[in-house]
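What follows is a short report on a single structure.
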Amino acid sequence: EVAGQFGLSVDPHVIETRFRNVFQARGGLASLGDHSSEALERRWWRETVELVFKGFGLPEQFEEFFEALYRRFGSREAWELYPEVNSVLDRLKKSAFGLAVISNWDSRLLKLLDEFKLSPYFSRVLF
């Protein structure tokens, strides 16, 4: 969707496969170590996006493309919750289970959990 806005015509399945390969080859965000920051995460994502799209031709306005993509995946509109998520989390929260999120994603996850009204379910979020 974002790629098309910048004149790129690429098969989403091909991009997804390429993304998974690049993500794994780079060691994921864990490669940033324990001392990550939003700036380091953003730079890591920029480099990753560049590697993913390099083989398909980078848009002339790559910085604008990256920013649009980065914003998109940091917004609720890019994600979908399964319909049963809230009811399952309600049941688990009422049980003896303590709930936490352990993710290989970045600090934008906190905002997304808030936007989806999921933050109250979790006592801890690790990324």
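The values are calculated or read from the model by the stated rules, or taken from the named source; none is laboratory data. For clarity, every value in this text was computed on a predicted model and none was experimentally measured. Every residue, glycine among them, receives a Cβ derived from its backbone with ideal geometry; neighbour counts consider all protein chains shown. Surface areas here come from the heavy atoms of the whole protein model, side chains and all, with no ligands, DNA or RNA. Shrake-Rupley method; radii C 1.70, N 1.55, O 1.52, S 1.80 Å.
In a simple Cβ point-charge model (Lys, Arg +1; Asp, Glu -1; nothing else charged), the range 1-70 has a dipole of about 300 debye relative to its Cα centre.
The apolar share of the surface of the chain, taken as the fraction of accessible area on carbon and sulfur atoms (1.4 Å probe, ligands and nucleic acids excluded), comes to 55 percent. Taking F56, F19, F97 as the candidate residues, the one with maximal mean-square fluctuation in a Gaussian network model of the chain, Cα springs under 10 Å, is F97. Ignoring lysines fewer than eight residues from K111 along the same chain, the ones with Cα atoms less than 29 angstrom from its Cα are K93, K94. Largest first, the three principal axis extents of the alpha carbons in the chain are 52, 33, 22 Å in whole numbers.
Grab the beta carbon distance between E63 and E84, set R0 = 35 Å, and tell me the FRET efficiency rounded to 0.05. According to the calculation, E is roughly 0.30. Largest first, the residues H35, H13 sort by 1.4 Å accessible area into H35, H13. So for the chain, taking the charge dipole from beta-carbon charges (+1 Lys/Arg, -1 Asp/Glu), which of L113, V88, G74 sits furthest toward the positive end? Sorting the options by dipole projection puts first V88. Residues whose amide H falls under 5 Å from that of V101, counting only those 5 or more places apart or on a different chain, are R124, V125, L126, with hydrogens built in the peptide plane.
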